[in-house]
Amino acid sequence: MQHFASQQAPDGAIYAARKNRKNLRSKTERIKLQKTALFRKISTQKNFKIEQDESQLSVGFFGRVAWIVRV
């Protein structure tokens with residue numbers, strides 16, 4: 001097991017260096033931006049519905065859009 005820590009194979013050969021990976025943080029940030037764009041589109045006026053009774057008025061998401069927003 002010591003050869004793993006020293007980055008050498010059991011025969012003494014040095015392991016090849018890993019490839020440079022893309023910054024994974026930028027991918028998660030991109031996904032977060034896409035989600036916020038989605039919810040910005042959902043929160044437009046056409047998706048808000050008004051329900052009213054004799055004594056109260058409710059403004060919010062109803063139906064399928066409400067299910068999406070709840071998730």
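The values are calculated or read from the model by the stated rules, or taken from the named source; none is laboratory data. Treat the numbers as computed from the prediction; the structure is a model and nothing was measured. Because the Cβ atoms are built from the backbone with ideal geometry, glycine has one as well, and the counts that use them run over all protein chains shown. The accessibility values were calculated without ligands, DNA or RNA, using every heavy atom of the protein model including side chains. Shrake-Rupley method; radii C 1.70, N 1.55, O 1.52, S 1.80 Å.
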Sort Arg70, Arg18, Arg40, Arg30 by heavy-atom solvent-accessible area, probe 1.4 angstrom, most to least. Arg18, Arg70, Arg40, Arg30
Size of charge dipole - the chain - debye, nearest 20, with Cβ of Lys, Arg +1 and Asp, Glu -1, no other charges: 480 debye
Nearby lysines by direct alpha-carbon distance to Lys27 (threshold 16 angstrom, same-chain neighbours under 8 apart not counted): Lys35
Here are a few candidate values for Rg/Rh (Cα atoms, Kirkwood Rh): [x] 0.95; [y] 1.28; [z] 1.53. Which one was actually calculated from the structure I just gave you? [z]
Principal-axis tilt of helix 24-42 within the chain, Cα atoms, nearest 10 degrees: 10 degrees
Using a probe radius of 1.4 Å on heavy atoms only, what accessible surface per residue do you get for the chain? Whole Å² is fine. 102 Å²
